[in-house]
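First the structure, in the form of structure tokens, and then the observations on it.
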Amino acid sequence: MSYDKKYIQTSNPYQKITNKENPVRNIYYGEVISLNDPNEGGRIQVKIPDFDNKTPNNQLPLAMPMLPKFFWILPQVGEVVRVFIEDARYPQRGRHWMGSIISQPHKIGYDGYFSALSTTNVSNITPEPNPSTYPDAFGIYPNVKDIAIIGRDNTDIILKEKSVLIRAGKHQIDNVLILNKENPAFIQLDYYYKDDKTTQSTIVTMANKIALVTHEGNPKFKSNTLGKIDIDKIFNEGHPLGRADIMVQAMEIMRKAILEHIHGYSGIPADKNGIINQLEKIDFSAILQQNIRIN
């Protein structure tokens, strides 16, 4: 296989010089030991078997992140990262890390050392079956044409063709291979051709409960870092949104009742004709959408 050929790349891409004695290597696999960085610079301590077997964990050098700060991601302790060493003559300095190494999509929550390496050239075990082979997993993970950001625990942002999907609760809580068809929270944005001449854009938001809250609304709510207590307060104290179509139907009945009701004599209640019966049957509580709150 290609990774077994010990080549040194020269300036000529088609001219290779074999180095049998000292193969050049500057990428290593290491286990994450600590994320403690007093300066919060994204530096971590990684134990590389080739160099660090005799080094106590608390004396391991810090490895610097290769990704810019615009992307925030740190591995978990016990996971594997790739470590790039600037100068192999001095392996305890100039280390840069990239990772975590995650073998397969359904391992995104945590992938231990041997499992993580199962899809690399240094694997000691075979990977698990492809998650797409599980019928109940269809739709959980991005497909080959998607661009996605996948969260550790049941969240993602997927850029599809003419569609953007933001999700929380995409799979069942206790099974990462079963699609949550009951109550995922998601926002879906689509842009497509409605017919041969016109296009249409749509936004669909769906969840068990939805809140549309402004900073200057009444009542006012906490404006940042919302926890469960803050969210419960919004749905307990916010105003239910009205169903406009039901509201209009009720108002039409009220208008007809005012215009068409009949009194037998002055001061006597209106006759119980058809429109008055309809007015009495109106369920005004049906106007309220209790699961959508505003302020």
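Side notes on the structure shown:
- Reported label for calculated percent of Cα pairs over 31 Å apart given (1) 58; (2) 24; (3) 28: (1)
- Backbone N atoms of region 196-210 closer than 18 Å to the 7 Å Cα→Cβ label point of residue 162 belong to residues 196-204.
- Put in order of Cβ neighbour count within 10 Å, fewest first, the listed residues 83, 144 become 144, 83.
- Debye, to nearest 20: dipole size of region 134-206, +1 on Lys, Arg Cβ, -1 on Asp, Glu Cβ: 160 debye
- Pairs from the table (69/233; 160/209; 69/220) lying more than 30 angstrom apart at Cα are 69/233; 69/220.
- Gain on full extension, evaluated as 0.36 nm per residue between residue 25 and residue 53 minus their Cα-Cα distance, stands at 8.3 nm.
- Shape call, region 19-123: gyration tensor on alpha carbons, a/c limit 1.5: oblate
- Partners for residue 145 among aspartates and glutamates (Cα-Cα distance below 12 Å; same-chain residues under 8 apart left out): 161
- Straight-line reach from residue 162: taking Cα to Cα under 16 Å and skipping same-chain neighbours fewer than 8 places apart, the aspartates and glutamates in range are 146, 190, 195.
- Most to least packed among 116-122, 100-106, 87-93 [average Cβ atoms within 10 Å]: 100-106, 116-122, 87-93
- For the pair residue 152 and residue 196, a Förster radius of 41 Å applied to the C-beta separation gives a FRET efficiency near 0.40, rounded to the nearest 0.05.
- Beta bridges by DSSP in the chain, antiparallel share as percent, to the nearest 5: 90 percent
- Taken about its Cα centre, the chain carries a charge dipole of about 780 debye when Lys and Arg each add +1 at the Cβ and Asp and Glu each add -1 at the Cβ.
- Least to most buried among 167, 95, 243, 82 (fewest other Cβ within 10 Å first): 243, 82, 167, 95
- Built from the Cα atoms of region 166-251, the convex hull projects on average onto 10.2 nm², one quarter of its surface area.
Only the coordinates and a few stated rules stand behind these numbers; no lab work does. Values in this document were obtained by computation on a predicted structure and should not be read as measured data. Cβ coordinates were reconstructed from backbone atoms using ideal geometry, including for glycine residues, and neighbour counts include every protein chain displayed.
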